[in-house]
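Report on one structure; see the data block that follows.
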Amino acid sequence: MASIKVVLRKKKNSEGLYPLAIRITENRKSSFISTGFYIDIIHWDQNARLVKKAHPNYKRINRSLMNKIAEANDRYLDMEIKGSALSAGQISNSIKNAKEKDSFNDFSRKYIKNLYDSNRLSQLGAEKPRINRFINYTGRTDLLFSEITESLLKQYGIYLKNELSLAEITVMNHLNVIRTLYNQAIKENVVDPKHYPFGRDKIFIKVPKTIKIGLNEEEVLKVEAYKSTPGTGLHLSKNVWLFSFYFAGIRVSDVVRMKWSEIHDGRLTYSMGKNNKIVSLVIPKKAQSILDEYEKDKRSENDYVFPELKDANCNDPKDIYRKIRNANTKYNAHLKRIAKELNINKNLTMHIARHTFGNIAGDRIFPQMLQKLYRHSNLSTTIGYQGNFIHKDADDALNSVLDF
């Protein structure tokens, strides 16, 4: 029977820290596997073979070490059952090869690179920090997929919620990207499905419903009447928000990318950046007034309607993405000021333009027509979304009981 233990090796690195390794001994011969952890010798408990509590990350490191030992023992038993040769070197090589194959860190780096190379920059901007946060939490440079257990994910969720004070939906988004990577790793035969920690009886990811609050008619009228100087950031931000609202909440990225060539015969026909769906909508009179204001700066039919991308490198998706992201940040800052000056006690942002349309639409429009306006693929999505803003029946029912 092989002996598999965690040991502190005596050769320190340039920072004066000592490496922790898994030592595999069979027939008095030993082989070592690096764990990726380095600590000061004073933090090592030789008898317990654990990192002492004085180390700031002792819980994470010890949890990882125990997972590594368990994984090593599992692979040793698999080899023994199969009747494989059981020298220390062969056991070590088997574990090392599995580690290279299962590495969450390596796989996630490839995933991030693919997002970058395919210009899925919005998704990259959201998911890269979540992946890095998880890797930093584990403190590992060579984390195995098989080491991502239910216990680890539960502790990580608690850490995100309690230590970083993240909202429940943000915590779910962090866990969701780990699940996405795990599913892809299974498809590519990188990890055995038996280790999968997600599912209804395991780590179940259910995105909580969020409260969607839009402006009412009176508040929209206030925004429309807001006095701003043409050519200023406040004026542009107001116009872009209203333009989005007039078209049932077009995403800010699509508004900024809007070109004059997409406007003809009194209609706006454009391709949605999110899914490349073609959308054609009549141009309301209020939206036409905004277009008339910016038409004087039109350089060509292929020019952008709004100014943010006029000097962008059209052949560089990354430059366009950065300018759209910066524009959204700028718009939201100006909208916050507008809301304050108008005494609108709601979080006025570009995103709320869609909620505002839904709030005012209420139950005036049939769901099938709203589905077209919202550009939803499924009617159920429209019904679920609009349910946030339809309160009349419930309000009438409540008042009917209390009317005595």
Legend entry - Condition met for residue 289 (out of contact with any Ser or Thr (no Cβ under 7 Å at 6 or more places or on another chain), assigned by TED's automatic domain parsing to the domain that holds residue 250 and either within 19 Å of residue 238 (Cβ to Cβ) or surrounded by fewer than 14 Cβ atoms within 10 Å (Cβ to Cβ) (or both)): yes
Legend entry - The listed residue being of a type outside the set (Val, Ile, Thr) and not assigned by TED's automatic domain parsing to the domain that holds residue 328, out of 181, 236: 181
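Here's the yes/no breakdown for (1) surrounded by fewer than 15 Cβ atoms within 10 Å (Cβ to Cβ); (2) within 30 Å of residue 315 (Cβ to Cβ); (3) in contact with a Pro (Cβ under 9 Å, 6 or more places away or on another chain):
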{"position": "127", "(1), (2), (3)": "no, yes, no"}
{"position": "131", "(1), (2), (3)": "no, yes, no"}
{"position": "134", "(1), (2), (3)": "no, no, no"}
{"position": "137", "(1), (2), (3)": "no, no, no"}
{"position": "142", "(1), (2), (3)": "no, no, no"}
{"position": "148", "(1), (2), (3)": "no, no, yes"}
{"position": "152", "(1), (2), (3)": "no, no, yes"}
{"position": "158", "(1), (2), (3)": "yes, no, no"}
Inset, instruction - Read through the list (1) among the hydroxyl-bearing types (Ser, Thr, Tyr); (2) out of contact with any strand residue (DSSP E or B) (no Cβ under 6 Å at 6 or more places or on another chain); (3) surrounded by 12 or more Cβ atoms within 10 Å (Cβ to Cβ), then give the number of the only condition that residue 300 fails. - result: (3)
Legend entry - Search result, residues across the range 8-22 that are surrounded by fewer than 18 Cβ atoms within 10 Å (Cβ to Cβ) and either closer than 11 Å to residue 34 by Cβ or among the aliphatic types (A, V, I, L, M) (or both): 9, 17
Inset, instruction - Quick one: count up the residues across the range 177-195 that are more than 13 Å from residue 105 (Cβ to Cβ) and in a helix (DSSP H, G or I). - result: 11
Legend entry - the range 322-342 residues that are small (Gly, Ala, Ser), paired with ones that are surrounded by fewer than 14 Cβ atoms within 10 Å (Cβ to Cβ) (beta carbon under 9 Å, 6 or more apart): 339/345; 339/347
Inset, instruction - State the number of residues belonging to the range 155-169 that are part of a helix (DSSP H, G or I) and among the aliphatic types (A, V, I, L, M). - result: 3
Inset, instruction - Out of the residues in the range 111-150 that are touching a residue at least 60 places away in the same chain (Cβ under 8 Å) and small (Gly, Ala, Ser), state the one that is farthest from residue 36 (Cα to Cα). - result: 122
Inset, instruction - Taking the options 261, 244, name whichever one is of a type in the set (S, T, N, Q) and either surrounded by 19 or more Cβ atoms within 10 Å (Cβ to Cβ) or free of Cβ contacts under 8 Å to residues at least 40 places away in the same chain (or both). - result: 244
Inset, instruction - List the helices (runs of 4 or more DSSP H) that sit entirely inside the range 312-404 and contain at least 3 residues that are surrounded by fewer than 16 Cβ atoms within 10 Å (Cβ to Cβ), outside the structural domain of residue 241 (by TED's automatic domain parsing) and at pLDDT 85 or above. - result: none
Inset, instruction - Examine the range 133-153 for a residue that is at pLDDT 90 or above, among the charged types (D, E, K, R) and under 25 Å from residue 326 (Cβ atoms), and state whether such a residue exists. - result: yes
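The values are calculated or read from the model by the stated rules, or taken from the named source; none is laboratory data. The structure displayed is predicted, hence computed values, not measured ones. Using ideal geometry, Cβ is built from the backbone for each residue, glycine included, and neighbour counts are taken over all protein chains shown.
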